[in-house]
Amino acid sequence: MTKTVLITGASGKIGTHAARAFGRAGWTIKRFQRGTNMTRAAQDVDVIVNGMNPANYHNWAQVIPEITEAHIEAAKVNDATVLIPGNVYNFGNTPGVFDENTPQRACSRKGDIRIDMEARYAESGVRTLILRAGNFIDPDANSDVMSTLHLSRINSGKILTPGATNVRQPWCFLPDWAEAAVQLCDRRTDLAAFEDIPFKGHTFSVDMLSQYVTAITGNSVRVSSFPWWVMRLASPFWGLAREMQEMRYLWNLDHALSDAKLARLLPDFEPTPIEDVIRSALGAKGIKKPATVITTFSDRLTS
């Protein structure tokens, strides 16, 4: 094995953190240039990280299948493994803890598209790893959900929420996801040809996020509702507004991802502690005040 990885969507959130993690692990990094031939770019690579996604949910029905076929062809010709960041759209609007055996009954167009995409990989015969995660937390604040939504007004002492404040959501700290991805790719030949692996990350509600922020900064914060009425008014002429409304149900759906399978496959993997994750997210928004009023998070937090 050459330990060479081709990263598509290399400038995006997944691509950026994947490149850093694979680089730290001693892999040779190749970055795919849009508009070039992916099959040729994947020559002599062991893994292709599929970091490509239509911007602002644009035209998923057409673009996702095109991206899928390009990756399958490149992997098949070059005998490479494809690594995909999965999401929770597949599971629809039934609350619970999702794992690799949870029935996939999407309630949105994008969920149906993701189900079809994953099925295409499974039937292709290409070795595929799906590392399925929830909302992203990016320490670079690169258009991730935490920085662009929840903490978008944190410098004014506000946390924005698009749904119920007591509903749990799964959160994925991208450096952790990338580290787990590298470890899985290192042992890919020991795994099944198609693996669906939930990445639990951290699970918390907006109420808990508010407690975390208060505990870290020593300052209380207010929780404000996301202005969905703006999205409704903008929907006729702004595609992103329409697409966001389709996924609104997730913000009122109490759900989490199981850590059982990842723990079996990577028993030594340790995610970044939640306090460090939230500190990182706050630091990306320019808030770097250390916690001086608590000794541990457990002293102040309730579930």
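Quick look at the numbers
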item	result
For region 31-88, size of Cβ-based charge dipole, Lys and Arg +1, Asp and Glu -1, in debye	180 debye
Trypsin sites (Lys or Arg not before Pro), loop per DSSP, at most 13 other Cβ atoms within 10 Å - longest free stretch of the chain	188-287
Whole-Hz ³J(HN,Hα) from phi, Karplus 6.51 cos²θ - 1.76 cosθ + 1.60, for region 37-53, glycine and proline x	7, 5, 4, 5, 5, 8, 4, 6, 9, 9, 9, 10, 8, 7, x, 8, 7
Value of D in µm² per second that Stokes-Einstein yields for region 1-132, Kirkwood Rh from Cα pairs, at 37 °C (0.692 mPa s)	214 µm²/s
Accessible surface of the chain [probe 1.4 Å, protein heavy atoms]: carbon and sulfur percent	48 percent
Convex hull volume per residue for the chain, taking Cα atoms only, in Å³	134 Å³
Net dipole in debye of region 100-229 [+1 Lys, Arg Cβ; -1 Asp, Glu Cβ; about Cα centre; nearest 20]	500 debye
Where the Cα pairs of region 177-258 fall when distances are cut into 10 Å bins, in %	13, 25, 28, 25, 9, 0
Net charge dipole size for the chain [Lys, Arg +1 and Asp, Glu -1 on Cβ; Debye, nearest 20]	920 debye
Distant-in-sequence amide H partners of Thr81 (H built 1.01 Å from N, under 5 Å)	Val47, Ile48
Rg to Rh, two decimals, where region 35-89 supplies the alpha carbon set and Rh follows Kirkwood	0.99
For region 1-40: rounded, prolate or oblate by the Cα gyration tensor [a/c cutoff 1.5]	oblate
Alpha-carbon centroids, region 134-207 and region 6-69: separation in whole Å	19 Å
Using θ = phi - 60° and Karplus 6.51 cos²θ - 1.76 cosθ + 1.60, couplings along region 178-184 (whole Hz; Gly, Pro as x)	5, 5, 5, 4, 4, 4, 5
Residue-wise HN-Hα coupling along region 202-217, computed from phi with Karplus coefficients 6.51, -1.76, 1.60 (Hz; x: Gly, Pro)	10, 10, 7, 9, 5, 4, 5, 4, 4, 5, 4, 5, 4, 5, 6, 8
Under-5 Å amide H pairs with Phe136, H placed in peptide plane, nonlocal only	Val145, Met146, Cys172
Gain on full stretching of the segment that runs from Lys158 to Ser224 - 0.36 nm per residue minus C-alpha separation	23.1 nm
Structure-based [θ]222 nm, the chain - -39500 (n - 2.57) summed over DSSP H runs of at least 4, per residue, nearest 500	-10500 deg cm²/dmol
Antiparallel DSSP beta bridges within the chain, as percent of all bridges there, nearest 5	10 percent
5 angstrom amide H check on Thr28, placed H, neighbours 5+ away	Thr4, Val5
Listed residues Pro267, Val230, Gly111: farthest to the positive end of the dipole of the chain (Cβ charges)	Val230
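The values are calculated or read from the model by the stated rules, or taken from the named source; none is laboratory data. Here the structure is a predicted model, which means the values were calculated and not measured. We place every Cβ from the backbone using ideal geometry, glycine too, and count neighbours over all the protein chains shown. For the accessible areas, the whole protein counts, side chains as well, though only heavy atoms, and no ligand, DNA or RNA atoms are used. Shrake-Rupley method; radii C 1.70, N 1.55, O 1.52, S 1.80 Å.
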